[in-house]
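Bear in mind these aren't lab numbers, they're just calculated from the coordinates by the rules spelled out. Bear in mind the structure is a predicted one, so any value in this text is a computation, not a measurement. In this analysis, Cβ positions are derived from the backbone assuming ideal geometry, glycine residues included, and neighbour counts consider all displayed protein chains.
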Amino acid sequence: MSNKKLTVIQYPKCGTCRMAVKSLQAKGNTLELRHIVEDTPSAAELKAIVANSGLELKKFFNTSGEVYKALGLKDKLGAMSEDEQLALLASNGMLIKRPIVTDGVRVTVGYKEEQYEQTWNG
């Protein structure tokens, strides 16, 4: 059993987030839970998370969320700079795909059991 300290940026009412937290705790990880709305990551923090993840910035948008749809972002993101996108994410935690899990080096976004097995429970 691993015993890593992981930061989980999540929304407590989100079922996916709850499953992710349960999975990580079951493997003996120590978790620091952060509320994605009350303690939204800053643009600079998000930039570092995105860089560590190796993923495209657009993967960090909660494309199924109401705020994303209300703002019509599907059609607007392409024209925005990376800094504008990061500022937008930092302005509203509900725009961020969740949960984000990081140990300060590695990052996962969303919850897929097999990805967690490889990244956090190995």
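Couplings 3J(HN,Hα) for segment 44-54, derived from phi with the Karplus relation 6.51 cos²θ - 1.76 cosθ + 1.60 (θ = phi - 60°), are 5, 5, 4, 4, 5, 4, 4, 4, 5, 6, x Hz, where x marks Gly and Pro. Taking the number of Cβ atoms within 10 Å of each Cβ as an exposure proxy, the fewest-first ranking of Val50, Val37, Val101 is Val37, Val50, Val101.
Rounded to the nearest whole angstrom, the semi-axes of the ellipsoid equivalent to segment 1-86, taken from the Cα gyration tensor as √(5λ), stand at 27, 16, 11, largest first.
Summing Lys and Arg as +1 and Asp and Glu as -1 over all other residues whose Cβ lies under 11 Å from the Cβ of Thr102 gives a net charge of +1. Beta bridges assigned by DSSP with both partners in the chain are antiparallel in approximately 55 percent of cases. The Cα center of segment 7-33 and the Cα center of segment 60-108 differ in position by 20 Å. Compared with the dominant principal axis of the Cα atoms in the chain, helix 15-26 is inclined by about 30°.
Potential lengthening of the chain between Leu33 and Val105 amounts to 24.2 nm, from the contour at 0.36 nm per residue minus the alpha-carbon distance. When the C-alpha to C-alpha distance is required to be over 25 Å, the pairs from Lys5/Lys69; Lys4/Lys74; Lys5/Lys112; Lys13/Lys97; Lys22/Lys58 that qualify are Lys5/Lys69; Lys4/Lys74; Lys22/Lys58. With the convex hull of the Cα atoms taken as the outline of segment 79-122, the averaged projected area works out to 4.1 nm².
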